[in-house]
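Step one of this worksheet: look at the structure below.
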Amino acid sequence: MVDNNDVFVFVGSYAESEDSGVYVYSLDEATGQLTRVDEVAGLKNPTFLNVDLDQHKLYAISETLSAEGAKIGEIVAFTVDPTTGTLKLINRKNSVQATTCHIQRDSEGKFLTVTSYHGGMIGLISLEQDGNLGELLDVKQHEGHSVHPNQDRPHPHSSFYSPDGNYLFVQDLGLDIIQAYSIDSDKQQLIKKGTTHLHPGAGPRHLTFHPHGTYAFVINELDSTITSFTYDAEHGELKEQETVPTLPEGFTGENGCAEITISQDGKYVYGSNRGHDSIVIYAFDEATGKLNLVEHVSCEGGHPRHFAITPNGDYLIVANRDTNNLVTFRVDQESGRLQYTGISETVSKPVCVLPYYL
């Protein structure tokens, strides 16, 4: 039985189409316990999700084959039952001509954007007024390379909107850039705006904005760092502040960063290390714009591909891909520190975890 006050947690994963790939859990906020309430098969590698609370919709990326047999992107829409959290398929459509790794939705619910790491492109897709999937409207292909062996071509990894919704920022791991776009609603196109260059070999992956909209933070996969920026909302520009390491001093093993987020009060920034298998926590001083290390905490598993903080800020949930588990941590909102609850829920190859009140 699901309590109406429970948080629902939506999980995307690596999966074959005949196996379950999208999961729904309820989180007991008294204990941190996760309980599976639904699972959906029929999608290949639905690794990233997006939830529209207003329309009670969930959007997932997936993989399919073109008429010629090539791997291409697909998007799949579900309704979400606000009482039980269960999913019901609405429709599915092809997206861009390459597999995708991330999906995002604008604040007005008019558009989806998908990013293709392997194809080096961004796709813009329309949404109908009822939240159902529309058509592929525009595709922007990135060009170039950078200095790391993994940067021989473009690798856009994610897209995130600015707090005011006026700009879309695309993190391109292959080019060491954050490319800004705006959406021309009349022409239904992505319009290229300013480009933010990071240091060579950084590999920007995911981004998060400070809740006050004055700062942004990007986690760099390839050199295990976090770069902070001031954000000029009038011009949609990011200006670099500083870059800090995600790894403890003296660690010499292989590592690649994945996810980054910030607490709702803007005081703490969290990032994940895959290799060191930890969550790094930095305190952020909004007055000075500086990040100060708090601690590193074991993710209680292997390869923390993604994590998220629950809506009330009390828990942080980690998706450990290689050890097939979801782990819950209590968050001390005063200090930013994490405490493992002892709860680890088995799920196959989790890649994305999104907690919401419905």
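The values are calculated or read from the model by the stated rules, or taken from the named source; none is laboratory data. Note that the coordinates shown come from a computational prediction; the quantities given were computed from them, not determined experimentally. All Cβ positions, even for glycine, are placed from backbone atoms using ideal geometry, and neighbour counts span all protein chains on display. SASA here: full protein model, heavy atoms, side chains in, ligands and nucleic acids out. Shrake-Rupley method; radii C 1.70, N 1.55, O 1.52, S 1.80 Å.
Just one of (1) free of Cβ contacts under 8 Å to residues at least 60 places away in the same chain; (2) over 16 Å from Ile281 (Cα atoms) fails for Gly236. It is (1). Scanning region 187-206 for residues that are in a strand (DSSP E or B) and surrounded by fewer than 22 Cβ atoms within 10 Å (Cβ to Cβ) yields a count of 8.
Val294 falls short of the stated requirement of being closer than 18 Å to Tyr14 by Cβ and in a strand (DSSP E or B).
Restricting region 24-40 to residues that are under 19 Å from Phe329 (Cβ atoms) and of a type outside the set (Gly, Ala, Ser), the residue that is nearest to the chain's Cα centre (by Cα) is Tyr25. Please work out which residue is surrounded by the fewest Cβ atoms within 10 Å (Cβ to Cβ), limiting yourself to region 233-247 and to residues that are touching a strand residue (DSSP E or B) at 6+ places or on another chain (Cβ under 8 Å) and at pLDDT below 95. This residue is His235. Summed over region 221-245, the residues that are within 20 Å of the chain's Cα centre (by Cα) and not in a strand (DSSP E or B) give a count of 4. When region 197-219 is filtered for residues that are among the hydroxyl-bearing types (Ser, Thr, Tyr) and over 15 Å from His157 (Cα atoms), the ones remaining, listed by number, are Thr214, Tyr215.
The set of residues from region 316-346 being under 16 Å from Val269 (Cβ atoms), in contact with a Pro (Cβ under 8 Å, 6 or more places away or on another chain) and open to solvent by 50 Å² or more (accessible area, probe 1.4 Å) is empty. Residue-level check: of (1) touching a strand residue (DSSP E or B) at 6+ places or on another chain (Cβ under 8 Å); (2) without any contact (Cβ under 8 Å) to a residue 40 or more places away in the chain, Leu175 misses just (1). Taking each residue of region 106-127 that is open to solvent by less than 10 Å² (accessible area, probe 1.4 Å) and looking for partners that are at pLDDT 95 or above and aromatic (Phe, Trp, Tyr) with beta-carbon atoms closer than 8 Å, six or more apart or interchain, yields Leu112/Tyr59; Ile122/Tyr181; Leu124/Phe111; Ile125/Phe111.
Quick one: is Asp164 under 25 Å from Asn292 (Cα atoms), open to solvent by 50 Å² or more (accessible area, probe 1.4 Å), in a loop (DSSP other than H, G, I, E, B) and of a type in the set (D, E, K, R)? Considered against the rule, which asks whether it is under 25 Å from Asn292 (Cα atoms), open to solvent by 50 Å² or more (accessible area, probe 1.4 Å), in a loop (DSSP other than H, G, I, E, B) and of a type in the set (D, E, K, R), Asp164 comes out as no.
Taking Ile191 as the residue in question, decide whether it is aliphatic (A, V, I, L, M) and touching a residue at least 12 places away in the same chain (Cβ under 8 Å). Considered against the rule, which asks whether it is aliphatic (A, V, I, L, M) and touching a residue at least 12 places away in the same chain (Cβ under 8 Å), Ile191 comes out as no.
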